[in-house]
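Peer 1: Quick one: structure below, then a few questions.
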Amino acid sequence: MYFLYNLLILISWQALKIVAIFKPKLRLFVEGRKGVNALLQERLKQDDNYIWVHTASLGEFEQGLPVIKALRNSYPNHRILVTFFSPSGYEVKKNSKEADLITYLPFDSRRKVKNFLDRVEPVLAIFVKYEIWPNYLNELKRRKIPTIL
C-alpha cells in the first residue's frame, strides 16, 4: 500500500509543478517548498530542542494557537517550529512571533521527510486537526519521536 501511496505522491508532485506554471496560487505552493531546506539551514539553531507543530492552514493555526502558547510556557527552553501546508496560512503568519520559526511543510515523499526530520530533529511532533501524512508518521515512529495527532 505504501508503494502505491509513494508512487502517487511522486506523480502528484510532478503534476503540481506543471500545473503551477499556469496557476499562480499553485505556483506559490510549489515555489514555497523549494526554499524550505535553505530556510531551515539558515535559521535552525543546532543545539536547540524543537517542538514541531504542523498546521495545514490559517484556520488550523488559530485553533492550535492555545497549544502553541501553552507549549511555550511549559517548555521555555524549547523552540517552536510551525509548518503550514497551505500558502494562504503561511503567507499570513510567516512573520508571526508565536513561533520561533515558520515554514512550509515539505511534500510527503520519503526523501523530503527524511531531510526535514534530519535537519529539525524535533523532540515532539504535533499535527493540528486532521492532517495525516503517512511518510511523516512512519518516519517519526521509526525515530521514536513522540507524536500527537
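Any read-out appearing in this document is the output of simple, stated calculations on the displayed coordinates, not a laboratory observation. The structure displayed is predicted, hence computed values, not measured ones. Glycine also receives a Cβ, built like all others from the backbone with ideal geometry; neighbour counts cover every protein chain displayed.
Peer 1: Zone of Met1 (label point 7 Å along Cα→Cβ, backbone N under 15 Å): which residues in the range 97-111?
Peer 2: none
Peer 1: Using a Cα-Cα cut-off of under 24 Å, which lysines could be cross-linked to Lys129, ignoring same-chain neighbours fewer than 8 residues away?
Peer 2: Lys25, Lys69, Lys93, Lys94, Lys97, Lys112, Lys114, Lys141, Lys144
Peer 1: Divide by every residue of the chain the summed helix terms, -39500 (n - 2.57) for each DSSP H run of at least 4, and state the resulting mean residue ellipticity at 222 nm, rounded to the nearest 500 deg cm²/dmol. Don't jump to the answer; show the numbers that get you there.
Peer 2: Details: 7 runs with 81 residues, N = 149.
Taken over the chain, the calculation gives -16500 deg cm²/dmol.
Peer 1: Here's another thing I want to ask about it. Normalising by the residue count of the chain, find the relative contact order in percent from Cα pairs under 8 Å and 6+ residues apart. Present the calculation step by step, with values, prior to reporting the outcome.
Peer 2: Numbers: 211 pairs, mean separation 37.4, N = 149.
25 percent.
Peer 1: Around Ile145, what is the net charge, scoring Lys/Arg as +1 and Asp/Glu as -1 over all other residues with Cβ under 11 Å from its Cβ? Please list the in-between numbers first.
Peer 2: Details: positive: Lys141, Arg142, Arg143, Lys144; negative: Glu121, Glu139.
Local net charge: +2.
Peer 1: Next question, about the same structure. Place a point 7 Å from the Cα of Arg142 along the Cα-to-Cβ direction; which residues of the range 99-134 have their backbone N under 19 Å from it?
Peer 2: 106-126, 132-134
Peer 1: Please check the chain for the longest run free of trypsin sites (Lys or Arg not before Pro) that are loop-located per DSSP (anything but H, G, I, E, B) and have at most 10 other Cβ atoms within 10 Å.
Peer 2: On the way: sites that count: Lys45, Lys97, Lys144.
My reading of the result: 46-96 is the longest stretch.
Peer 1: Assuming R0 = 30 Å, can you tell me the calculated FRET efficiency for the pair Leu16 and Val67, based on Cβ-Cβ distance, to the nearest 0.05? Numbers along the way, then the final one.
Peer 2: Numbers: r = 30 Å, r/R0 = 0.99.
With R0 = 30 Å, the Cβ-Cβ based efficiency is 0.50.
Peer 1: Are there GluC sites (Glu not before Pro) in the range 70-149 that DSSP puts in a loop and that have at most 16 other Cβ atoms within 10 Å, and which ones? If you can, show how the numbers build up before the last one.
Peer 2: Values: sites: Glu91, Glu98, Glu131, Glu139; in loops: Glu98, Glu131.
In loop regions of the range 70-149 (DSSP not H, G, I, E or B), the sparsely surrounded GluC sites (Glu not before Pro) are Glu98.
Peer 1: Residue by residue, what Karplus-based ³J(HN,Hα) values in Hz, rounded to whole numbers, does the range 16-30 have, using 6.51, -1.76 and 1.60 with θ = phi - 60° and x for Gly and Pro?
Peer 2: Values per residue, Gly and Pro as x: 4, 5, 6, 5, 4, 4, 9, 10, x, 5, 5, 4, 4, 4, 6 Hz.
Peer 1: Let me ask another. Just to be sure I understand the model, the point goes 7 Å from the Cα along the line to the Cβ. What's the resulting Ser88 to Ala38 distance in nm?
Peer 2: Taking the two extended label points, one gets 2.7 nm.
Peer 1: Just to be sure I follow the definition: excluding the sites themselves, where is the longest run in the chain that has none of the chymotrypsin sites (Phe, Trp or Tyr not before Pro) in a DSSP loop with at most 13 other Cβ atoms within 10 Å? Let's see the in-between values first.
Peer 2: Values: sites that count: Phe22, Tyr130.
It runs 23-129.
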